[in-house]
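No value in this document is a laboratory result; all are computed from the given coordinates. Bear in mind that the values here come from a model prediction, so they are computed numbers and not experimental data. Here the Cβ positions follow ideal geometry from the backbone for every residue, glycine too, while neighbour counts run over all protein chains shown.
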Amino acid sequence: MPGLRFGPEFDPEQYELLEFHHRGGEAEVWRAVRTGHNGRKELVAAKIMLERDPGEVRRWLGRWDDVSHNAHRLGVTDLVVPSFLLGPSPHRPGTPPGGALLGYQISPWVEGVPLHTWARGQRGGPPAVAEVLARLCRIVDELHRKRWVHRDISPANVLVDGQGQVKLIDLTFLAPLDHALTVAVFTPGHVPPEAEQVGGFPTTAKDLFAVGTLARTLLLPDHGRLDHRLAAEQARAELLAAGYGEELARWACEPLARDPDRRPAPLGPWAARGRELLRAHRPVARTAGLAVLPDPAGRPLVVTGGADGTALTGPGSPGRALPAGQGLSAVRELTAGWAGHPGELVVCAEDRGGTLWVGTAAGWWEAARGVNGLAGAVGSAGEMTVWAAVGGALRSYRWAPGRTLTGQEHPGCPADRVLAAEEERPGSWLLLVEHRERLLSWRPGAARPPVPVGPAGPLRAGALARTSAGPQAAVLRADGSVQLHTLGAGAGTAGAGTEAGTEIGDGEPSLGLAMVGHRGGPTVALAGAGGVRLRLPAGGASRRPRWWRPTLRPATRVALAIGDDWRLCLAAVVEGELQVWQEDAAYRWQAVELPEEG
């Protein structure tokens, strides 16, 4: 609780808790202030150990004391060195401290954010990425030259400030190369295929691999966890699909080599090569947001959003233009539709800074700030309704021609991110939201609380569709797996829960997901390193769903839509390029030729 005090036994009120930061597996971290004996105040990061067993507390404190001594002696620039203390639990000022003694790790407060957070919000492009990576490599190289290793390099343990300066933190597992290990460390997604062994000796190869995973994080900040067993292969396919060139992808994957001896050491020359490649790299308008919608004549119109804002293309685009005016920059998500009668094109986009923008022929205007996740559509009344999470709460925004944009908060369902929204009946919506790595389904206005869908775990995307069997949810998890869940059709969402759902990806990891309810059941589109796959409902003599692959080239994003004539449109980002397919009058799939860029 903010305001509580703690400190060593001889000065138990030396520190004051200011603000809770986060909780990890072994401790919780607070922003705190230390008051020195001369009255000088200093901001610190206070890591409060969760362990309560006195023997374990003293054992960890002994380890931490060694870490602090060794790190101070090494004197590595930008390695944040903590101090440690044993003291009573946090208590109100002026009251006698009580309870068991706790372990505290105290570090200077760094005005920075974790590397993955910085990567998602940075506006400096590849050159800024190159500088941050080079600074991290310098720290790691200096540590290795002194024959020590960090052993737990991850995005959370690398802090980047507003000027791109880098600090490496959390030295809990700092170790010399010539001492046998007493504990093995496994941080999922950032450890190499070769596992550490208690009793064995540490190697620099583990840190080198971890730096490679962070290079991928910097270049692909919105991608999920890396499979350490196929790290180089997965990262290369993802980089190529995102529009990076072969040479740059090959360079980025060098530290991820399965053979530890092939990882670049020292890292400095490798980072310098990357700096040149990234400076020379011409950023493509990387497509982060994608929507496809048939125009009134049934021709596909594709709306894309990326680093350069939004764009229109497709046979339905001639004579149409996106909103003019300034404001919207790099796009993270978008949705689009025809609002009113006759339809006016409206685009709702979330930018990389978390601002929601609404655009029509009249221009762009800012609707909300601090949004996370965006989903919606034009409903039966002709209104565009979008849903977003704002500050942990769920909000909707509605717009129609001739009407002012209106926003509304919907209590009853906590939300960190909105993944999907589907209008079931006029004015009645079904939502998929993420809250603390939990997927929840909820109907705003319903008396029942939100219901979990599938087991807890990191999520990448979700989709909803109406079918004759009731609403269905498709879930793309961070590991690339895809599950299909049938939700209840009543006021709540019965039939969900913690069950795993039906696996539909056939074991092939996916990066993008889209779904619509169509003839005979849901049609699901998946994008991944193996291309674009379309899962069609069972038809004819077959009782099993059918798969169709329009391309085998690596893809990152997909979008699906149904026209008024029930024909499907499919759009995908394939190796950085847009491709579109549509069913013809006989419901046979045909590639759609896109207009030349002018």
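Residue-wise HN-Hα couplings along the range 570-583, as the Karplus relation 6.51 cos²θ - 1.76 cosθ + 1.60 with θ = phi - 60° gives them from phi, are 10, 10, 8, 9, 10, 6, x, 10, 8, 10, 9, 10, 8, 6 Hz; Gly and Pro carry x. Taking 20 Å as the cut-off, the amide N atoms of the range 70-94 that come nearer than this to a point 7 Å along the Cα-to-beta-carbon line of Gln165 belong to 72, 75-83.
Taking the fewest neighbouring Cβ atoms within 10 Å as the starting point, the ordered list for Arg58, Arg275 is Arg58, Arg275.
Annotation: aspartates and glutamates with alpha-carbon distance below 19 angstrom to Lys41 (same-chain offsets under eight excluded): Asp11, Glu13, Glu16, Glu19, Glu111. Efficiency by 1/(1 + (r/R0)^6): what FRET value for Arg34 and Thr406, r their Cβ-Cβ distance, R0 = 60 Å, to the nearest 0.05? Efficiency for this residue pair is about 0.80. For the range 549-598, the list of GluC sites (Glu not before Pro) that fall in a loop by DSSP and count at most 12 other C-beta atoms within 10 angstrom reads Glu593, Glu596, Glu597. With helices as the sole contributors, the chain gives -5500 deg cm²/dmol at 222 nm; each DSSP H run of n ≥ 4 counts as -39500 (n - 2.57), and the sum is divided by every residue. Between Leu18 and Thr187, the contour length at 0.36 nm per residue exceeds the alpha carbon distance by 57.9 nm. Taking 24 Å as the straight-line reach from the Cα of Lys47, the lysines in range (excluding those fewer than 8 positions away in the same chain) are Lys167. For His72, neighbours were defined as the other residues whose beta-carbon sits under 13 Å from its Cβ, and their charges (Lys and Arg +1, Asp and Glu -1) total 0.
Can you give the net charge of the other residues whose Cβ lies under 10 Å from the Cβ of Pro450, counting K and R as +1 and D and E as -1? Around Pro450, the surrounding residues sum to +3. How far apart, in nanometres, would the label points at Ala321 and Glu596 be if each is projected 7 angstrom from Cα along the Cα-to-Cβ direction? A separation of 2.2 nm, rounded to one decimal place.
For the range 5-108, the square roots of the Cα gyration tensor eigenvalues, ordered a ≥ b ≥ c, give a/c of at least 1.5 with a/b no greater than b/c, which places it in the oblate category. The angle between the Cα long axis of helix 125-145 and the longest principal axis of the Cα atoms of the chain comes to about 30 degrees, rounded to the nearest 10. Taking the C-alpha atoms only, the angle from helix 231-241 to the longest principal axis of the chain is near 40 degrees. Annotation: peptides 74-81, 467-474, ranked by per-residue average of other Cβ atoms within 10 Å with the highest first, follow the order 467-474, 74-81.
How high is the FRET efficiency from Ala585 to Trp548, r the C-beta distance, R0 25 Å, rounded to 0.05? Numbers along the way, then the final one.
On the way: r = 18 Å, r/R0 = 0.73.
The calculated FRET efficiency here is 0.85.
Each of Tyr397, Tyr15 was scored by other Cβ atoms within 10 Å of its Cβ. Listed from fewest to most, they are Tyr397, Tyr15.
When you filter the chymotrypsin sites (Phe, Trp or Tyr not before Pro) in the range 504-583 for DSSP loop state and at most 12 other Cβ atoms inside 10 Å of their Cβ, you are left with Trp566. For the pair the range 354-368 / the range 1-53, the C-alpha centres are spaced 43 Å from each other. So what's the angle, to the nearest 10 degrees on a 0 to 90 scale, between helix 204-219 and the longest Cα principal axis of the chain? On a 0 to 90 degree scale, this one is about 40.
Once the other residues with Cβ under 11 Å from the Cβ of Gly531 are scored (Lys, Arg +1; Asp, Glu -1), what is the net sum?
+1
A straight line joining the Cα centroids of the range 97-168 and the range 428-474 runs 35 Å. Once the chain from Asp506 to Thr95 is taken as fully extended at 0.36 nm per residue, the excess over their C-alpha distance is 141.9 nm.
With Cα atoms as the point set, the chain shows a radius of gyration and Dmax of 26.2, 85 Å. Ordered by the number of other Cβ atoms lying within 10 Å of each residue's own Cβ, fewest first, Val132, Val140 fall into the sequence Val132, Val140.
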